[in-house]
Structures are given as structure tokens and as C-alpha cells.
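Take a look at the structure below.
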Amino acid sequence: MPTAPPDGAPLRVLVVGADAAGMSAAHQALRTARRTGRRIEVAVLEAGEDTSYSACGIPYVASGEVADTEALVVRTAVEHRAAGIDLRFGARVTHLDLERRLAQVAGGSAVEFDEVVVATGANPVVPPWAHVDGVAVEGVHHAKTLRDADTWSRRFASGGRVAVVGGGYIGVEMAEAAVRRGLHVTLVTRSRVLSTFAPEISAVVVEGLRAAGVEVLEHSTVEGLEVEDGAVRALRLGEGTVAADHVVVALGVTPATDLLAHTGLLSPGGGLRPDERGQVVPGVWAAGDCCEVRSRTGFWTYAPLGTHAAKAGRVVGENVAGGDLRFAGMVGSAITRFAPGTVHLEIARTGILDAQAAADPSLDPVVVVTDGTTASGYMPEAAPITLRVSADRTTRRLLSVEIVGGPGAGKRVDTAAAVLWYDGTVDDLAWMDLSYAPPVATAWEVLQIAARRVAERIDRAARA
Ligand SMILES: Cc1cc2nc3c(=O)[nH]c(=O)nc-3n(C[C@H](O)[C@H](O)[C@H](O)COP(=O)(O)OP(=O)(O)OC[C@H]3O[C@@H](n4cnc5c(N)ncnc54)[C@H](O)[C@@H]3O)c2cc1C
């Protein structure tokens, strides 16, 4: 149980992890304490040497669009310390003793706390083939930290052939980065490219990748590496080899929660499941990629996204210092881009996955795929866009929207996210008042045409 500080003593808040979630929590705690008049001390223990950087920007440093990693740092250690945060680098917490309120730090020291905020993020998945005899193979690396941004920028600038393993968002973004550097790229994925999207949408992405010169190998598994003098030379697949001087490992992440492995607080997937105030159990708070996220319809998903980490961190910071703020949940929105110059695709989704809909017996999804343009057909800006809209036959509730298309296509998904947020129907989406001008939309906005078609399909089936 949390120990209240003795009368007059400040509340000792310990944050573990100094990136998006942890530093949002730390600053918000101080802001709230100033507002409420609470005395608090905020210490942050960080295993590495970096703080408050945009990991989301790593592909754009790798591509050379962003000149250096410093540009990704949102707030420096000096700024955090000037704000009153006791930020300590090189302090990996190995064990959190929740009874004694002690954080054990690698190297033997321990830090006491009254309240602890776990913001340890995620670890990249490292496949066994990335090491030979326990040693990391040169040229084989993930894209997770600020240092990785430097590594990839340097390696891509040096030329050579690139293999990207993993067809998720980061795999696609790193493929774009390598193409922008003028390198030959092979993307290998065990399933489909962007497999959380429907096949109709990911097929358009594959077409775009190939049009930009990326060799795409779907349903293909890496079995090992060919290594020369400690450096990678090729990937070994079931069906042959792929020459590669650089291998980007983009196989996803898992929650970094070893420090709580002894507590019984972890979900089967290893994540934490904080309540809407960000509390796991009294005195233990958590935010960011070490957590699963609750959807607004009530199920837990592992959705390691910066947008959730920043909001959840702020919520925790407010509440740990005596305020009252709630994390409102997610609807499943995500977006990425593949635009190496010759091709420009924006790819976005919101709502539940088909598999989640299929697992819910109360839902009967009606799905329509619609092609259109992002602007009036006579305008030079008009680019193709494909939308896939799903709604429940009985209630007409919108279930999901997936989009792929040219400039301006992707952020259209936010309109659908707003409809989902308010539990709206496909008719709400079809008829709401959206803006129109020829360079940016069609008179009947394509998202609304797509929604209307689903509504019409439901109506036709009801009449039949
Ligand atoms: C290449 C890439 C692109 C991305 N693009 C997007 C995007 O476009 N949109 C989006 O929403 N999200 C994106 N993300 C995800 C987003 O970056 C993360 O969701 C976000 O960084 C999570 O923040 P966090 O603070 O929870 O965790 P992290 O950023 O992982 O930070 C956790 C910190 O805790 C430290 N730590 C871990 N364990 C310990 C310990 N035991 N003791 C002390 N310190 C510890 C780590 O060193 C790290 O600094 C991307 C991620 C990557 C890698």
C-alpha cells in the first residue's frame, strides 16, 4: 500500500522511464501540484542517456529529410532539470518493491518513493537470427531509439542494399527512408504488408511499394543470415537468399515490464492495464507503451502509439498530484505514409479490426470498398483514393474506416474517428456537414460517398 508522507513532507513521486509518457507525467505532476498547492518531489530514473525525443521521427532522420537527431528532441535534460525534475540517466530499474516502496537500480543503489509511475515503454522484438553465437551481427538493427536514428542515417548514407524485415508501419516507413536515399530495398514479411488493414487496402500499398522500386516478398520467413567477417551479407529465406548490407528489423515491440514481473500485475501479453485515471493499484501508476490501451467499447489492445503515451502520461501526472483527469480510451486510429518521391500514399485506419468484429456475435458487419478522388476530378490536385467502410447491419453503427490514397487522403480518417468516438452511425458520417472546395474535396466528399454506399447496401438488403 502507498505510504502517505509524514505531515508537511513532500510527496515523493518516482517516474521510471524518461520519454513521452514519463516526462509528460513528470511535468503535469509539477503543474498540477503548483495549482493544488501540494508539495511534491519528482525524480525520474532513465536507463539510457536520452529523454523526450520523437521516436516517430526516426524514419525521417534515416531518410535525410530531418538533418539530425537533435531535431527530434522535444525537451532536453537541461530543460527538464530547470523545471525542477530530478532526472537521472544511466539508472535502469531492475525491480520495483511495491511493499517497501523501493526501486532497485542496476549497480546496487535503491530509490524510495511514495508513488511510482511506470513509463518504461517497449522493447523491440529481436529474432534469434539477428545474433550469431550470441553476438549481434553488424548491419542488423532495429529502429527504436534516438541512437538508432543516427545509425540508420549513417548506414543509409553509405550506400548498399537494404532488407527491411517486417511489413508493419515502421517497416513501410523505413523502406521509404531507404528508397529516398536511392538504395535498393527488399521488404520481407511473414504475412501481408500492413496486415492490420484489409487485403484491398494493403494491395494498393504493395502496388505503391513496387512502383517505387521496392521488392516486396509477402508470406516469406527469414530463416537466417549469411555473415562475412561479422557483417551481414544476405538474408536466408525458405525460397532463396536476398543480398543485404543493412537489415532493418521491424518486427514490433513488447511491453518493457520486467521490473514488475514478480507482481502478478501484468496481462497475459505482459502489459499493464491501468484504470482510466492511470492507476494500476493504489500508488502504482502507468502510461505509454508498457501498457495496453482500453478501447471506448471496453476491450484491451496493445497499441503502442505516441499519441496514447502523451495523453496517458498527462492523465497520470495530473492524478498523481491530486487532480482528476480520465484517459478517454481509443477507437483504433493510426496513420502512416509511403512517399519516396515517385509515389505518394497516405494510409490510415480507425475502428475495430475485422477479426475483433468477427469475434463479437452481436455484430453483423456490412463492408463496401469505394474508389474516388481526393479533389474534384478537373483539378490538378486530384489523386486516387480507396476507402473501405464497415458498419453494423442492425444498428447501422460505424465499425471501421480504412483509407489509402494520394496527398490529403490520410487525415480524412479523423472525421470517421470522430463519428466512432461519439458512437455514430454510417448515416451520421454520410450526411454530416463537411467542408468542400475543388482543390481539396469533391462536392459529394468521397468519405461520405463511401459511407452512403454502406447505408444503401444495408437498405437494399433490408428491402430484399
Ligand atoms: C520508428 C518509430 C516510429 C513511430 N511512429 C509513430 C507514429 O507515427 N505515431 C505514433 O503515434 N507513434 C509512433 N511510434 C510509437 C511511439 O514512438 C511510442 O508509442 C512512444 O515513444 C512511447 O513512449 P513511451 O514513453 O511509452 O516509451 P518509450 O519511448 O519506449 O520510452 C521508455 C523509456 O523508458 C526507459 N526504460 C525502459 N525500461 C527502463 C527501466 N527498467 N528503468 C529505467 N528506464 C527504463 C527507456 O530507456 C526509454 O527511454 C513510433 C515508434 C517508432 C520506434
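The values are calculated or read from the model by the stated rules, or taken from the named source; none is laboratory data. Computed from a prediction, not measured in an experiment: that's the story for all the values here. Heads up, the Cβs are rebuilt from the backbone with ideal geometry, glycines too, and the neighbour counts pull from every protein chain shown. SASA here: full protein model, heavy atoms, side chains in, ligands and nucleic acids out. Shrake-Rupley method; radii C 1.70, N 1.55, O 1.52, S 1.80 Å.
A few notes on this one:
- Scaled to the globular estimate 2.2 N^0.38 Å, the Cα spread of the range 111-194, given as radius of gyration, is 1.36.
- Using only the C-alpha atoms, the convex hull of the chain corresponds to 172 Å³ per residue.
- Once the 1.4 Å probe is applied to the protein heavy atoms, the chain comes out at 44 Å² accessible per residue.
- Percent carbon-and-sulfur accessible area, the chain, ignoring ligands, DNA and RNA, probe 1.4 Å: 52 percent
- The distance between label points at V369 and E49 comes to 4.9 nm (points 7 Å beyond Cα on the Cα→Cβ vector).
- Accessible area (Å², 1.4 Å probe, nearest 10) - C56: 90 Å²
- Across the protein chains, with a 1.4 Å probe defining accessible surface, the residues W431, W285, W129, W444 rank W431, W444, W129, W285 from largest area downward.
- Based on alpha-carbon atoms, the Kirkwood radius and the radius of gyration of the range 371-426 give Rg/Rh equal to 1.06.
- Note on the range 176-220: Cα-only Rg and Dmax are 10.5, 30 Å.
- Of the listed residues M432, M330, the order by accessible area with a 1.4 Å probe, largest first, is M432, M330.
- Each principal axis of the Cα cloud of the range 1-100 was evaluated for its coordinate range; sorted largest first, these ranges are 54, 32, 18 Å.
- Rounded to 5, percent antiparallel among DSSP beta bridges of the range 124-270: 45 percent
- On full extension, the segment bounded by S195 and R39 gains 51.3 nm, given 0.36 nm per residue less the C-alpha separation.
- Projected onto planes of every orientation and averaged, the convex hull of the alpha-carbon atoms in the range 128-251 covers 7.3 nm².
- Principal axis dimensions, largest first and in whole angstrom, of the range 282-441 by Cα: 60, 40, 28
- Note on F299 and E218: the model spin-label points, each 7 Å out from Cα along the C-beta direction, lie 2.3 nm apart.
- Rg [Å, one decimal], Dmax [Å, integer] - the range 346-463, C-alpha atoms: 13.9, 46
- Label positions at D414 and D133, each projected 7 Å from the Cα along the C-beta direction, are separated by 5.4 nm.
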